[in-house]
Amino acid sequence: MDIGIDLISFHTPSYYLDLRVLAERRGVDPDKFVIGVGQERMAIPPPDQDIVTLAANAALPVVEKAGRDGIGLLLFATESGIDQSKAAALFCHGLLGLPPECRCVELKEACYGGTAALRLAAAMVAANPSMKALVLAADIARYDLGSSGEPTQGAGAVAMLVTANPRVMALDPETGVHAEDIMDFWRPNYRAEAFVDGKYSTRMYLTTLIPAWKAYAAASGRTLADHAHLAFHMPFTKIAWKSLSRLCRAEGVPEPSAGEAARLLGPATVWNRITGNTYSACVHEGLCSLLDNAPEPLDGRRIGFFSYGSGCMAEFYSGVVRPGYRGHVFTDLHRAMLENRTELTYRQYEDIFNYGVPQDGGDHVFAPYRGGPFRLAGINGHKRRYEPR
Ligand code: CAA
């Protein structure tokens, strides 16, 4: 019996900063960001959006299309948690009107959390194929102003319905994982911005790719040539090209031509280039991008995925796109959302960055900004209050 992604949807805030504007302010050649790092725009969440609203906004089209009955598991992956105790999954459970017979949990391992949630959900569905699982991954990537990580900020969420006999992608059972205890990127509970050793984190990403790939290849007997496309975790899109070249060297196969590399990698990077890093949502934002932008039909094609979470966890896995998937994807919704975003000035970006979350327990009401169907209306007595728009 196949288990996998029955429906998948992606959401990003309605505001962005063009990285050429940031480059000018930072006195950097714009080509460094656009060509060297491979990013053009970064999504900026206004004060009335957080991980809960981003995830609920991503999930609404999925639950409206599939119905709410039978959703018995809701896993929420994030490293931008809003509460140390209550799971973000429960806020979404309420907003989405899910049934009470639903196990709701939040989980974390940096950017790997979305993949962990997907694999756990698939295992739970395999044990009980009549159950459906909703996997949400949402993050807001924040680094200090002026830091090397600043141009790789972003925000977004992915919602995946995991079922037996899925309509979009059947997951292959073979995976390869690699774990190591390192400090390459971390955010202590008292900080709103992450600390990162940028070069070390990039080196560890590329280093752990190889044991994860080798374990996957040994378990599955597959080679790189068995994958029609590759979707990598993308803290910045240039890393997909670095990863492919690292994999080819490890396999002892010639690196593909520039055209072939663009064919293999390009479609999965289109959305990330204009949203920035979405941490735990990133690799499956890449899947949405691939499903929405691949020039050829993907029916029956195998896609390889590499997920990396600092700290660190790495996993290589794959899935096969189901025949007829095009009838079940949200391409038009994704395109319209991305085409209708509002560009911010540098000043507006900095004002939003510095806005902060009120911490005094008073009654705070947030002005409505543009966005998806749900918004954070305010905070009162340290409780967040969400509402439909
Ligand atoms: N024109 C074209 N290219 C240019 C250029 C120009 N004018 N100037 C520089 N470049 C190129 C450089 O040659 C370099 O390319 P290569 O890597 O191919 O050599 C690229 O632009 C970047 O230049 P630098 O390495 O000098 O950039 P930097 O040190 O300022 O920042 C970074 C790079 C360290 C990745 C930084 O973006 C960062 O700290 N990012 C956050 C951490 C991160 O994303 N880590 C990735 C792995 S960790 C992970 O995956 C988890 C996660 O999501 C955070």
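Please state the relative contact order of region 3-388 as a whole percent: Cα pairs under 8 Å, 6+ residues apart?
25
If you plug each phi of region 89-101 into the Karplus form 6.51 cos²θ - 1.76 cosθ + 1.60 with θ = phi - 60°, what whole-Hz ³J(HN,Hα) values come out, in order, with x for Gly and Pro?
4, 6, 4, 5, 4, x, 4, 8, x, 7, x, x, 7
Suppose a student asked you for the relative contact order of region 263-389, using Cα pairs under 8 Å spaced at least 6 residues apart; what percent would you report?
Across region 263-389, relative contact order equals 13 percent.
So how far apart, in nm, are the two label points at Thr342 and Ala126 if each is 7 Å from Cα heading toward Cβ?
Placing both labels 7 Å beyond Cα along the Cβ direction yields 4.7 nm.
State the antiparallel share, in %, of DSSP beta bridges confined to region 3-388, rounding to the nearest 5.
DSSP beta bridges in region 3-388 are roughly 75 percent antiparallel.
Rounded to the nearest 500, what is the chain's calculated 222 nm mean residue ellipticity when only DSSP H runs of at least 4 contribute -39500 (n - 2.57) each, over all residues?
-11000 deg cm²/dmol
With the cut-off at 23 Å, tell me which of the pairs Lys32/Lys242; Lys108/Lys132; Lys86/Lys108; Lys132/Lys214; Lys65/Lys132 have Cα atoms farther apart than that.
Pairs exceeding 23 Å: Lys132/Lys214.
For the chain, modelled as a GNM with alpha-carbon contacts under 10 angstrom, which of Met204, Met234, Met42 fluctuates the most?
Met204
Would you please give the residues with an amide H less than 5 Å from that of Gly378, counting only those at least 5 places away or on a separate chain, with H modeled from the backbone geometry?
Those lying under 5 Å, H to H, from Gly378 are Phe366, Arg385.
Could you run the Karplus curve 6.51 cos²θ - 1.76 cosθ + 1.60 with θ = phi - 60° over region 335-342 and give me ³J(HN,Hα) per residue in whole Hz, x for Gly and Pro?
4, 4, 4, 6, 6, 9, 6, 9
Using 7 Å Cα-to-Cβ label points, what is the Glu101/Val28 separation (nm, one decimal)?
Modelled inter-label distance: 5.2 nm.
Once fully extended, how much extra length lies between Val357 and Arg335, figured as 0.36 nm per residue of separation less the alpha-carbon to alpha-carbon distance?
Gain on stretching Val357 to Arg335: 4.9 nm.
What is the set of long-range amide H partners of Ile182 at a cut-off below 5 Å, with H atoms built 1.01 Å from backbone N?
Gly311, Cys312
How much length would be gained if the chain were fully extended between His382 and Arg222, taking 0.36 nm per residue of separation minus their Cα-Cα distance, in nm to one decimal?
Taking 0.36 nm per residue and subtracting the Cα distance, the gain is 52.5 nm.
Label Asn293 and Ile82 with points 7 Å out from Cα along Cα→Cβ: what is the distance between them in nm?
So the label points at Asn293 and Ile82 sit 2.9 nm apart.
Anyone know which of Phe195, Phe305, Phe374 comes out most mobile in the 10 Å Cα GNM of the chain?
Highest fluctuation of the listed residues: Phe195.
Can you tell me, using C-alpha contacts under 8 Å and at least 6 residues apart, the relative contact order of region 201-323 as a whole percent?
33
Hey, can you rank 70-77, 180-187, 294-301 by average C-beta count inside 10 Å, highest first?
70-77, 180-187, 294-301
Looking at the chain as a GNM with Cα springs under 10 Å, which of Arg20, Arg347, Arg246 has the largest mean-square fluctuation?
Highest fluctuation among the options: Arg347.
Every read-out reported here was derived from the displayed coordinates using simple, explicitly stated rules and does not represent laboratory data. Bear in mind that the values here come from a model prediction, so they are computed numbers and not experimental data. Cβ: placed from backbone, ideal geometry, glycine included. Neighbour counts: every protein chain shown.
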